[in-house]
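Colleague: Pasting a structure below so you can have a look.
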Amino acid sequence: MSAVNVYEQRPSHLDGQSPLHHAGLAELVGKGSASAGIRLRERKLLGHLVLRGDARDPSFAGGVHKACGVELPVALTLAAAGETSLQWLAPDEWLLIVPQGEEFAAEQRLRDTLGSELHYAVVNVSGGQTLLELSGENVRELLMKSTSYDVHPSQFPVGKAVGTHFAKTQLVIRHTGEDTWQLVVRRSFADYIWAWLQDAAAEYGLAVDA
Amino acid sequence: MLHIFCPHCGELRGEEEFAPAGQAHIPRPLDPAACTDEEWGDYLFFRDNPRGLHHELWLHAAGCRKYFNATRHTISYEILETYKIGEKPDVTAEAQASEKKPLAQGATA
């Protein structure tokens, strides 16, 4: 166990507010057209942990695998096991997303497994970003309007995840299913991205899922 | 638009994802206190401005957010190679003078 002071940043008896709380997405559920080409769902209040360390060190890579149940993914990829996903962000940086309320336990498990000798960092960034999930047959067209990155399946297969420019700002695009894409959006940009997505999805029809 | 090969991400990305960060391979003096004012001033402020090959530091700001080095031709703006920090460039003015080398991986068309 390391000497770092780890505490529950959002105790379970407190209701959290997602970065899109003000948008009232819950009230929009079912109000979009039934044949909408794009369906949006906010995967809100998940546990986001940024993990840093040396992937070439077997004790780090092995410890992460043991603690998360997922192996460290290689560049530009995403590994998932159930609701837990681990994504490559940079050569020494990964994003671990765990279900709501499990971030404290996940961080403790990582610190217990990795010990106090290893040089690594685990930071809980759950309050700093949110995950938007887009699905539907027109999602790729929406992405093509929003980013200059090539989102064709031959270049952007399922399981790939990249940080890039999107709608004049930056975010992380994750391809999680054939017609399912996720956006990791920073808290301060969430409102802007929500506004952008509404505008960009207007021509295909937008429906909000719970 | 330039396509720049990020050696960390391992693929070509659009130039808007990158930010230039000046000349590469500038070692900090090991003992700053022992430097003359001129040496310290050279280290802090004076940079090469070559006409031709230039080794530069670039930041993949929108992607992996890591620095890497690039060899760029200042006349054509052609980026001849990119390589990680700590590695040595393959394309140098000396190497080009001795033989006409094929472009290394990471070169842009």
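The values are calculated or read from the model by the stated rules, or taken from the named source; none is laboratory data. In this text the structure is predicted, and so the values were computed from the model without any measurement. Quick reminder, even Gly has a Cβ in these numbers, built from the backbone with ideal geometry, and neighbours come from all protein chains shown. Each accessible area value is taken on the protein alone, full model and side chains, heavy atoms only, with ligands, DNA and RNA left out. Shrake-Rupley method; radii C 1.70, N 1.55, O 1.52, S 1.80 Å.
Colleague: Please pick out the residue among B:Thr74, B:Thr36 that is touching a residue at least 12 places away in the same chain (Cβ under 8 Å) and not hydrophobic (A, V, I, L, M, F, W, C). Even if it seems obvious, please write down each step before you answer.
Modeller: Details: B:Thr36 fails: touching a residue at least 12 places away in the same chain (Cβ under 8 Å).
On inspection, the qualifying residue turns out to be B:Thr74.
Colleague: How many residues, within the range A:90-102, are more than 30 Å from B:Lys84 (Cβ to Cβ) and open to solvent by 20 Å² or more (accessible area, probe 1.4 Å)?
Modeller: Taking the range A:90-102 and keeping what is more than 30 Å from B:Lys84 (Cβ to Cβ), we get A:98-102.
Narrowing further to those that are open to solvent by 20 Å² or more (accessible area, probe 1.4 Å): A:99-102.
Counting residues in the range A:90-102 that are more than 30 Å from B:Lys84 (Cβ to Cβ) and open to solvent by 20 Å² or more (accessible area, probe 1.4 Å) gives 4.
Colleague: Also, I was wondering about something else. Being crowded, with 18+ Cβ neighbours inside 10 Å and closer than 21 Å to B:Ala62 by Cα is the filter; apply it to the range A:76-89 and report the residue that is farthest from the other protein chains (Cβ to nearest Cβ).
Modeller: A:Leu86
Colleague: Kindly check whether there is at least one residue in the range A:190-199 that is among the acidic types (Asp, Glu), within 14 Å of chain B (Cβ to nearest Cβ) and either touching a residue at least 24 places away in the same chain (Cβ under 8 Å) or under 25 Å from B:Phe18 (Cβ atoms) (or both).
Modeller: No, the conditions are met nowhere in the range A:190-199.
Colleague: If you take the residues in the range B:59-77 that are among the hydrophobic types (A, V, I, L, M, F, W, C) and surrounded by fewer than 19 Cβ atoms within 10 Å (Cβ to Cβ), which one is nearest to the other protein chains (Cβ to nearest Cβ)? Quick ask: steps written out before the conclusion?
Modeller: Of the range B:59-77, the ones among the hydrophobic types (A, V, I, L, M, F, W, C) are B:59, B:61-62, B:64, B:68, B:70, B:75.
Filter once more, so that each one left must be surrounded by fewer than 19 Cβ atoms within 10 Å (Cβ to Cβ): B:59, B:61, B:75.
Values: B:Leu59: 12, B:Ala61: 8, B:Ile75: 27 Å.
Among residues in the range B:59-77 that are among the hydrophobic types (A, V, I, L, M, F, W, C) and surrounded by fewer than 19 Cβ atoms within 10 Å (Cβ to Cβ), the one nearest to the other protein chains (Cβ to nearest Cβ) is B:Ala61.
Colleague: Filtering the range A:132-154 down to residues that are away from every other protein chain (no Cβ under 11 Å) and of a type in the set (Asp, Glu), which residue is least open to solvent (accessible area, probe 1.4 Å)? Talk me through it step by step, then tell me what you get.
Modeller: First pass over the range A:132-154, keeping only residues away from every other protein chain (no Cβ under 11 Å): A:132-146, A:151-154.
Next cut, of a type in the set (Asp, Glu) only: A:133, A:137, A:141.
Working: A:Glu133: 27, A:Glu137: 148, A:Glu141: 80 Å².
Only one residue fits best here, namely A:Glu133.
Colleague: Could you name every one of the strands (runs of 3 or more DSSP E) located completely within the range A:42-100 that has at least 1 residues being touching a His at 6+ places or on another chain (Cβ under 7 Å)?
Modeller: Numbers: elements: A:47-52, A:78-81, A:84-90, A:93-98.
In the range A:42-100, the matching strands (runs of 3 or more DSSP E) lie at A:84-90, A:93-98.
Colleague: Restricting attention to the range B:14-58, and to residues there that are closer than 26 Å to B:Ala95 by Cβ and within 14 Å of chain A (Cβ to nearest Cβ), which single residue is least open to solvent (accessible area, probe 1.4 Å)?
Modeller: Out of the qualifying residues, it is B:Phe18.
Colleague: Right, something else. Name the single residue that is farthest from A:Gly136 (Cα to Cα) among those in the range A:155-184 being within 14 Å of chain B (Cβ to nearest Cβ) and of a type in the set (Val, Ile, Thr).
Modeller: A:Thr169
Colleague: Select from the range A:17-64 the residues that are open to solvent by 20 Å² or more (accessible area, probe 1.4 Å) and polar (S, T, N, Q) and list them in ascending order.
Modeller: If the condition is that a residue be open to solvent by 20 Å² or more (accessible area, probe 1.4 Å) and polar (S, T, N, Q), then A:Gln17, A:Ser33, A:Ser35, A:Ser59 are the ones that fit.
Colleague: Which strands (runs of 3 or more DSSP E) sit wholly inside the range A:127-209 and have at least 2 residues that are over 19 Å from the mean Cα position of the chain (by Cα)?
Modeller: Details: elements: A:129-135, A:161-166, A:169-177, A:180-186, A:206-209.
Per the criteria, A:206-209.
Colleague: With (1) within 14 Å of chain B (Cβ to nearest Cβ); (2) in contact with a helix residue (DSSP H, G or I) (Cβ under 6 Å, 6 or more places away or on another chain); (3) of a type in the set (Ser, Thr, Tyr) as the list, and A:Tyr120 as the residue in question, which single condition is left unmet?
Modeller: Looking at each condition in turn, A:Tyr120 falls short on (1).
Colleague: Still on this structure: I'd like to know if the range A:160-168 contains one or more residues that are free of Cβ contacts under 8 Å to residues at least 24 places away in the same chain and surrounded by 17 or more Cβ atoms within 10 Å (Cβ to Cβ).
Modeller: Filtering the range A:160-168 for residues free of Cβ contacts under 8 Å to residues at least 24 places away in the same chain gives A:164-165, A:168.
Still in the running and surrounded by 17 or more Cβ atoms within 10 Å (Cβ to Cβ): A:164-165.
Taking every residue of the range A:160-168 in turn, at least one turns out to be free of Cβ contacts under 8 Å to residues at least 24 places away in the same chain and surrounded by 17 or more Cβ atoms within 10 Å (Cβ to Cβ).
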